[in-house]
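Each value in this text was obtained by applying a stated rule to the coordinates, not by laboratory testing. Computed from a predicted model, the values in this text were never measured in an experiment. So basically every Cβ, Gly included, is an ideal-geometry build from the backbone, and we count neighbours across all protein chains shown.
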Amino acid sequence: MAHWIIGLLLCCGLTSSAQAQMEPAQPEKAKRYVVAYVASWTMQELPDPHLMTHINYAFGKVSDTFDAVGVQNPETLRKVMTLKSQNPRLKVVLSIGGWTAGNFSEMAADSKHRKAFAKDCRRVVDEFGLDGIDIDWEYPTSNEAGISCSPDDTDNFTLLMRDLRQALGADKLLTIATIADAKFINFRECIDYLDFVNIMAYDVANPPLHHTTLHRSPLSGRITVEEAVEAHLSAGIPKEKLLLGMPLYGRGSHPDKILHRFVKTGETQGKYTRQWDDVGKVPYLVDESGQLVWAYDNAVSLAYKCQYIIQKGLRGGMYWECTADGPLQEGMRTIWQWLGTPQ
């Protein structure tokens with residue numbers, strides 16, 4: 001384990017035996033995936049392509065005619081594709097959707113639209129030299145994100161996966177991102193079309209609760225990481241097709257700019273106090289009253305989550321998103337240290 005990770009573990013008061021238990025299991029690393037979301041609107045410089053096995057480029061959108069896909073900032077995607085020259089093993093996938101991204105329901109409900117959309121996805125894959133498509137429909141049958149929906153969305157989602165698989169062929173990746181609760185999708189009906197599933201096991205609460213605790217604690221939101229994984233396994237997803245999503249960003253509703261700079265600088269200017277939830281295995285900041293005001297992950301909490309991935313035998317981990325990490329990329333490097341395929 002890298003010296004900087006050990007130092008962080010010691011700072012959190014972990015014993016030597018706990019450190020030994022958290023050592024990465026080296027022999028199995030080559031089988032795991034590390035999926036990094038790259039958001040088109042945040043990129044100032046390209047990520048290190050040796051810290052991931054896959055990049056999900058965010059986002060593509062379903063067209064207003066419901067039969068095609070548009071790519072946000074295509075020139076940025078072309079720059080991302082150049083990373084393959086540095087790491088030939090890297091896979092780059094276009095993620096279509098995202099929060100508030102609509103037109104899915106209308107597209108999936110109509111056979112002609114659905115097949116035309118799938119065909120256009122294949123066109124985009126060929127045009128940019130991509131390795132596949134990721135669907136991030138948030139969420140079938142739900143209008144929580146302000147998008148149109150229908151009670152038939154879940155069944156139509158399965159049909160969409162079928163048509164996408166047919167259009168993409170067996171040689172291209174087809175993946176999805178899912179809500180932590182494993183709702184809205186009939187996984188048993190569509191899992192055979194999918195290469196793997198990325199659980200968005202974050203954003204499940206706002207302060208004064210934490211949005212991504214590993215285990216249930218008094219600070220946990222509506223669902224924990226382990227509860228999210230168990231929900232997906234119970235829904236019929238084989239562990240070999242399951243990736244745990246982790247956030248590189250902090251979450252809080254407090255307007256103070258100090259909090260929003262904290263992830264990048266690590267400085268609280270003495271206004272807030274760092275705390276550690278030893279049940280949930282996450283850090284957080286409290287204000288003068290002792291209330292949680294900023295929920296975040298650090299190298300230690302990410303290491304605990306990666307250890308959980310290893311213990312459960314999952315395919316790997318995913319994170320949102322590269323530029324949200326600190327200046328030393330502690331989050332990305334920690335995840336790679338634990339899960340990454342040796343280059």
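General remarks:
- Listed residue pairs exceeding 18 Å between alpha carbons, taken from Lys241/Lys312; Lys31/Lys239; Lys172/Lys241; Lys61/Lys264: Lys61/Lys264
- Over all other residues within a Cβ to Cβ distance under 10 Å of Ile258, the charged ones net out to +1, with Lys and Arg as +1 and Asp and Glu as -1.
- With Cα atoms, 0 to 90° folded angle of helix 225-234 axis to the chain main axis: 40 degrees
- Projecting the Cα atoms of Gly316, Ile147, Asn186 onto the dipole axis of the chain, where Lys and Arg carry +1 and Asp and Glu carry -1 at the beta carbon, places Gly316 farthest toward the positive end.
- Cα-based radius of gyration of region 146-188 once divided by 2.2 N^0.38 Å, which approximates compact folds: 1.29
- Gyration tensor over alpha-carbon atoms, region 221-293, equivalent ellipsoid semi-axes in Å: 32, 13, 10
- The angle between the Cα long axis of helix 299-312 and the longest principal axis of the Cα atoms of the chain comes to about 60 degrees, rounded to the nearest 10.
- Cα-based radius of gyration for the chain, normalised by 2.2 N^0.38 Å, reads 0.98.
- Sparse packing (at most 15 other Cβ atoms within 10 Å of the Cβ) combined with a DSSP loop state is found for the following trypsin sites (Lys or Arg not before Pro) in region 229-304: Lys271.
- Ranked by how many other beta carbons lie within 10 Å on average, peptides 195-204, 150-159 from highest: 195-204, 150-159
- 3J(HN,Hα) from dihedral phi, region 118-132, Karplus parametrisation 6.51/-1.76/1.60, rounded to Hz, x for glycine, proline: 4, 4, 6, 4, 5, 4, 5, 4, 5, 4, 9, x, 6, 9, x
- When +1 charges are put on Lys and Arg Cβ atoms and -1 charges on Asp and Glu Cβ atoms, the dipole computed for region 116-242 relative to its Cα centre reaches about 160 debye.
- Residue-by-residue Karplus 3J(HN,Hα) for region 140-155, coefficients 6.51, -1.76, 1.60, Hz, glycine and proline x: x, 6, 10, 10, 4, 8, x, 10, 5, 8, 8, x, 8, 4, 4, 5
- Take every pair of alpha-carbon atoms less than 8 Å apart whose residues are at least six positions apart; their mean separation over the length of region 124-186 yields a relative contact order of 43 percent.
- Cut-off 12 Å between beta-carbons: net charge of the residues surrounding Gly326, Lys and Arg +1, Asp and Glu -1: -1
- In nm, spacing of pseudo-spin labels at Arg123 and Gln311 (7 Å Cα→C-beta vector): 4.9 nm
- If both residues of a DSSP beta bridge must be in the chain, then about 25% of such bridges are antiparallel.
- Among beta bridges from DSSP that stay inside region 60-181, the antiparallel ones total about 25%.
- Using the Cβ-Cβ distance between Lys112 and Glu240 with R0 set to 30 Å, the FRET efficiency from 1/(1 + (r/R0)^6) comes to roughly 0.30.
- Cβ-Cβ FRET estimate between Gln86 and Val286, R0 fixed at 45 Å, reported to 0.05: 0.60
- Taking 0.36 nm per residue of separation and subtracting the current Cα-Cα distance, fully stretching the chain between Glu45 and Ile258 would add 74.3 nm.
- Amide H contacts for Lys91 (H built 1.01 Å from N in the peptide plane; partners 5 or more residues away or on another chain; cut-off under 5 Å): His54, Ile55.
- Long-range HN-HN contacts of Ser40 with modeled amide H, under 5 Å: Ala58, Phe59
- For region 109-188, the equivalent ellipsoid built from the Cα gyration tensor has semi-axes of 23, 14, 12 Å, listed from largest to smallest.
- Placing unit charges on the Cβ atoms of the charged side chains and taking the dipole of the chain about its Cα centre, the candidate lying farthest along the positive direction among Val34, Ala201, Leu94 is Val34.
- The alpha carbons of region 88-233 stretch over 48, 41, 26 Å along the principal axes, in descending order.
- Under the shape rule built on the C-alpha gyration tensor, where the axes satisfy a ≥ b ≥ c, region 200-343 is oblate, since a/c reaches at least 1.5 while a/b does not exceed b/c.
- Normalised contact order of the chain, rounded percent, pairs of Cα under 8 Å and 6 or more residues apart: 19 percent
- For region 77-118, a crude dipole built from +1 on the beta carbon of Lys and Arg and -1 on the beta carbon of Asp and Glu, taken about the Cα centre, is about 340 debye to the nearest 20.
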